[in-house]
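A.B. asks: Quick one: this structure, given as structure tokens, is what I'll be asking you about.
The values are calculated or read from the model by the stated rules, or taken from the named source; none is laboratory data. Remember, it's a predicted structure, so these values are computed and weren't measured experimentally. Note that we place each Cβ from the backbone using ideal geometry, even for glycine, and neighbour counts take in every protein chain shown.
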Amino acid sequence: MSDTTTGTSSTPSFVRGTRAPQACQRCRQKKMRCTGGKPCVKCLRASEACIFEHRINEPGHDDGIAKEHDAATRIAQLEKTLSSLVHGLPINEPTTITITAKSVTPVSPIPLQSPPHRIAARPGDAGQPIVSTAAGSNPLLELDSLPYSAPSAIPFQLPSQLPSPFGHMVDTPTVLADPSSVTPTSTAKKTSPEDPQSRLETAATGYAPFQPLTYHPSYWENRETSRPTSPKPEDAVPVFEARAAVNDDPISLGWVNGASGEALVDFFFTHCHPSSPVLAGRVSALELQQTSSYLLTVVIAIATRFYSRSNLSIRPNCPQIDARVPAASAQLAYSHLAATLFRKQHRLADVQATLLLSGWGLQGGGLGPDPWLVTGHCVRLARRMGLHRTPYDVVPDTHEGKVRLRDRWRVWLCWYHFDGFLSLGFGRPQTTWLDPPNEELFLQLSQSLGRSPQDAYISSSVHLTKIARELTFTLHALIDPRPPNERPRSIPELLKDLNQKLDQWTSMWTWSGSLRSIQLGHLATLAKLQAEHVKLCLNALTLRPEVVTEEVYLQKAAEAAITTIQTHAEMTKRDLILRCGVDYFLTSLAQAAVFLIRMHMWPHAIPVDRAVLPHHIETAVTILQETDLSENLYSSHLARVVRDLCRVGGVKLPRQVAPHSQ
């Protein structure tokens with residue numbers, strides 16, 4: 001901070017200097033910090049004489065004092081040099097966020113066929129103040145923060161080295177360090193891969209069945225991660241930059257034309273949306289664009305993840321898209337997600353788009369955001385719009401009012417279901433401060449507007465989620481170090497109670513003689529898969545060494561795992577709903593294979609023939625590997641993890657499947 005004088009004062013302007021190697025006489029007497037050189041700051045302010053030399057030249061002092069002064073001066077110079085060297089090291093500070101609002105001219109759409117657009121580095125941007133955008137400009141949001149998940153050895157490159165499919169969104173990746181120390185050769189922090197043996201040990205806990213299947217299982221621990229006090233230069237990592245105007249979408253930016261956009265939207269509603277029916281029904285790309293560019297971007301980004309690898313097998317004459325569109329659309333979708341944090345007004349389409357983003361990971365290698373955090377942001381958007389306070393017991397008289405109420409209610413139920421399942425699968429803490437919704441009233445409202453298998457599927461999922469939340473709550477209470485307010489149920493009690501509720505759910509929703517199974521229609525298989533997943537998560541607790549219970553529960557777990565694998569094998573032959581559906585279904589398939597590996601290693605007697613287990617495990621690996629349509633090869637990663645666990649677990653597959661080429 002600089003001090004300035006006014007009027008005719010002779011005191012010069014100065015900046016805070018370094019501490020003097022030897023204090024002046026006045027500062028020594030008053031025991032003050034002597035700074036600012038000669039004369040020092042304190043003497044200037046007091047209008048006193050600043051005397052440094054009299055002790056050295058004073059009679060009675062020998063040359064040793066002068067030598068001491070010279071030595072102190074040299075030490076101060078050395079400290080200054082070391083300080084400059086340390087200041088030049090790139091220090092990655094997690095809590096540093098730079099937000100810059102820029103006034104730029106509207107950018108014309110840049111087609112993907114044009115040469116990559118290059119923008120020179122602008123080192124001064126990080127220090128710009130927040131300013132208001134000029135009238136008629138196109139405000140872009142620039143958010144410098146840490147990436148959603150730590151990458152594994154991603155080299156840092158300048159824009160001139162990167163092909164850019166989206167012109168106005170390209171900029172130098174910001175590194176949280178001193179700008180003078182950033183070089184193109186900086187590399188991201190290298191994270192060693194998780195050992196398969198440790199993955200198998202993690203799977204044995206049973207509290208987070210999906211954790212050993214993730215790219216970095218250690219990242220999914222619900223605890224604070226301390227950072228080193230003095231990070232090394234290679235600890236500096238590229239950050240995620242969120243840049244999206246309100247009306248930006250792949251069609252308006254010229255990345256895909258109108259025909260390709262319609263084909264992508266149609267692909268999404270046919271193969272992706274049935275597994276997570278957040279939207280009311282099939283709409284066109286133009287309608288989505290008029291509703292929300294954020295929602296259209298998310299729909300296209302999800303569709304492009306599977307479109308290129310599946311279009312030749314289902315529709316040979318479908319429009320082709322550029323290979324750079326999936327990555328560009330994913331970047332734009334996450335930029336819109338970040339922009340909702342700063343927006344002061346929201347609408348239902350924002351909640352729908354955010355909820356869809358939590359179901360599909362658009363980036364490979366675990367670089368996408370934690371879906372549980374995305375659903376957390378989604379519920380806050382929904383609460384801000386009052387979706388949790390919708391008067392469900394007061395049904396409007398008009399048809400338009402009923403449709404509006406159903407659409408709002410559907411989004412809230414979808415969030416409740418998916419957030420609860422994320423807590424079950426990944427071991428995340430579940431949201432406990434909300435009242436459970438009434439899925440029966442929602443189904444009655446939906447049936448009054450016409451038969452809808454999607455709404456019946458949502459109702460069945462919410463009913464199942466209530467059972468899953470009981471399981472999650474009890475498991476978290478058992479591992480919580482704090483003294484509980486009431487004694488949690490023991491695992492044998494939990495197995496008996498929740499298995500009875502699961503049997504009642506099956507009789508109501510998926511039994512062939514029930515009316516609800518007819519209402520589910522073609523989505524009854526998806527509902528049954530989710531029930532088998534909850535049954536497996538519950539009864540897999542019998543493999544814990546401290547649990548002593550009946551063998552019937554271990555048999556239920558084995559049947560759930562085998563049924564899951566067989567259902568996937570049948571459905572992948574018919575359609576692409578599971579292959580293009582939410583990542584949760586594929587992860588539950590890998591979870592079933594991991595449970596069979598653990599059962600094969602179980603030293604005690606098991607209710608199934610051990611020789612059958614490798615066959616089902618191989619079937620799961622084959623499904624994950626040979627039916628992978630995703631651009632980020634997520635199911636291939638799951639297949640690779642299962643094969644590694646088979647190797648360390650001593651399970652020999654009947655026919656070793658060759659790894660997917662990457």
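A.B. asks: In region 620-651, how many are surrounded by 21 or more Cβ atoms within 10 Å (Cβ to Cβ), farther than 30 Å from Gln331 by Cα and of a type in the set (Ser, Thr, Tyr)?
C.D. replies: Within region 620-651, residues that are surrounded by 21 or more Cβ atoms within 10 Å (Cβ to Cβ), farther than 30 Å from Gln331 by Cα and of a type in the set (Ser, Thr, Tyr) number 0.
A.B. asks: Take Gly513 and tell me if it is assigned to a helix (DSSP H, G or I) and farther than 14 Å from Thr564 by Cβ.
C.D. replies: Criteria not met by Gly513.
A.B. asks: Under the condition of being touching a residue at least 24 places away in the same chain (Cβ under 8 Å) and of a type outside the set (S, T, N, Q), which residue from region 509-523 is farthest from Pro453 (Cα to Cα)?
C.D. replies: Trp509
A.B. asks: Among the candidates Pro429, Pro396, which residue alone is within 30 Å of Leu478 (Cβ to Cβ) and either modelled with pLDDT under 90 or touching a Cys at 6+ places or on another chain (Cβ under 7 Å) (or both)?
C.D. replies: So the residue among Pro429, Pro396 that is within 30 Å of Leu478 (Cβ to Cβ) and either modelled with pLDDT under 90 or touching a Cys at 6+ places or on another chain (Cβ under 7 Å) (or both) is Pro429.
A.B. asks: Next question. Please identify the pairs in which a residue from region 208-219 that is in a loop (DSSP other than H, G, I, E, B) has its Cβ atom under 9 Å from the Cβ atom of a residue that is among the charged types (D, E, K, R) and at pLDDT 80 or above, counting only partners at least 6 apart or on another chain.
C.D. replies: From residues that are in a loop (DSSP other than H, G, I, E, B), the pairs are Ala208/Arg428.
A.B. asks: Which residue pairs have Cβ atoms closer than 7 Å, lie 6 or more positions apart in sequence or on different chains, and pair a first residue in region 589-603 that is within 16 Å of Leu538 (Cα to Cα) with a second residue that is aromatic (Phe, Trp, Tyr)?
C.D. replies: Filtered contacts from region 589-603: Gln591/Phe210.
A.B. asks: Check off (1) buried (at least 22 other Cβ atoms within 10 Å of the Cβ); (2) modelled with pLDDT of 90 or more for Gln500 and give me the number that stays unchecked.
C.D. replies: (1)
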